[in-house]
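Values in this text are rule-based calculations from the coordinates and carry no lab data. Keep in mind that this is a model prediction, so the values were computed, not measured. When we count neighbours, we look across all protein chains shown, and the Cβ atoms used for this are built from the backbone with ideal geometry, even at glycine.
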Amino acid sequence: MNFFRLLGDLSHLASILILLHKIKTTRSCRGLSFKTQALYVAVFITRYLDLTYRWVSLYNFVMKLFFIGSSCATLYLMRYKYCPTHDPSIDTFKIEYLVGPCAILALIFNYKFSVSEVLWSFSIFLESVAILPQLFMLQRTGEAETITTHYLAALGIYRAFYIPNWIYRYFTEGVVDPIAIVAGIAQTGLYLDFFYVYFTKVMQGEKFELPA
Amino acid sequence: ETPVEKHDEL
């Protein structure tokens with residue numbers, strides 16, 4: 001564990017807490033993509049299967065349980081409790097275009113051709129693009145509630161913090177994880193447009209609005 | 001298991 005990874009994980013944790021807070025306080029999941037949240041459930045379940053057979057650390061164990069549990073809870077809240085506030089007509093990104101290519105990439109790029117390793121690779125690739133339905137929805141509506149933008153910013157920053165962590169680990173431990181690194185850089189790249197608007201507008205106290 | 005296969009990151 002190093003400082004960058006801890007910051008990344010805390011940012012990830014914060015993003016989920018912000019998301020649940022938004023749903024609970026506004027009693028609504030307006031502006032949120034159900035598809036993106038469903039993809040995160042798939043990401044966490046396929047990646048954290050090793051919970052059942054590998055012990056890394058208490059920290060690792062608790063965080064994995066939290067990510068699986070909270071993503072399932074979010075999906076439940078969106079699907080049942082606050083269902084009427086979710087508008088499927090603007091959540092129209094075709095997730096087949098994400099899941100299919102990620103599955104093919106995972107079959108080609110993995111550290112071992114076993115079920116658990118292929119699923120792990122799949123989860124890494126899928127995570128890198130899982131935000132697309134959400135960003136696509138944002139693009140369509142052209143604006144977002146401030147709390148939703150804080151959620152997206154924390155979620156984007158989390159993977160960005162992993163980049164200095166990988167550089168640090170390369171120099172201190174000699175560990176290189178090319179699949180995670182390439183996907184992580186791509187994932188962070190997808191947020192650049194969003195970050196630009198977030199830091200120039202929302203952080204200055206303005207509403208998140210995309211230029212027409 | 002190699003270090004990358006151990007997947008100690010989240």
Quick P(r) readout (segment A:168-212; Cα-Cα; 10 Å bins; whole %) gives 23, 31, 22, 18, 5
Taking a ≥ b ≥ c as the square roots of the Cα gyration tensor eigenvalues, with a/c under 1.5 meaning rounded and otherwise prolate when a/b beats b/c or oblate if not, segment A:84-212 comes out oblate
Yeah, segment A:1-51 with a ≥ b ≥ c from its alpha-carbon gyration tensor (a/c under 1.5 is rounded, else prolate when a/b outruns b/c, oblate otherwise) is oblate
Inter-part gap, Cα centre of segment A:104-132 to Cα centre of segment A:138-212, in whole angstrom, is 21 Å
Per DSSP loop assignment and a cutoff of at most 11 other beta carbons within 10 Å, chain A keeps its longest run without exposed chymotrypsin sites (Phe, Trp or Tyr not before Pro) at A:114-212
In whole Hz, the Karplus estimates of ³J(HN,Hα) for segment A:110-124 (6.51, -1.76, 1.60; θ = phi - 60°; x where Gly or Pro) are 7, 8, 6, 7, 10, 4, 5, 6, 5, 5, 4, 4, 4, 5, 5
Rounded to one decimal in nm, the spacing of the 7 Å Cα→Cβ label points at A:F199 and A:R79 is 3.7 nm
If the chain between A:L65 and A:Y53 were fully extended at 0.36 nm per residue, the gain over the current Cα-Cα distance would be 2.9 nm
Between A:V175 and A:I108, the two model label points (7 Å from Cα along the beta-carbon direction) sit apart by a distance in nm of 2.7 nm
In whole Hz, the Karplus estimates of ³J(HN,Hα) for segment A:190-198 (6.51, -1.76, 1.60; θ = phi - 60°; x where Gly or Pro) are 4, 8, 4, 4, 4, 4, 4, 5, 4
Longest principal axis of chain A (C-alpha) makes with the long axis of helix A:58-76 (C-alpha) an angle, in degrees to the nearest 10, of 30 degrees
Inter-part gap, Cα centre of segment A:60-103 to Cα centre of segment A:1-37, in whole angstrom, is 12 Å
Under the 7 Å Cα-to-Cβ spin-label approximation, A:C72 and A:H21 lie apart by a distance in nanometres of 2.5 nm
Checked against a 18 Å limit on the C-alpha separation, the offending pairs among A:K24/A:K64; A:K22/A:K81; A:K112/B:K6 are A:K24/A:K64
Segment A:1-110: Kirkwood hydrodynamic radius (Cα pairs, Å) comes out at 15.7 Å
A student asked for the Cα radius of gyration and Dmax of the protein assembly as shown in angstrom ought to give 17.3, 52
With a Förster distance of 30 angstrom and the Cβ-Cβ distance between A:V182 and A:S89, calculated FRET efficiency to the nearest 0.05 equals 0.30
Sorted largest first, the Cα spans of segment A:100-172 on the principal axes come out in Å as 43, 35, 14
Taking placed amide H atoms and a strict 5 Å upper bound, the residues 5 or more places from A:A144 or on another chain that come that close are A:F208
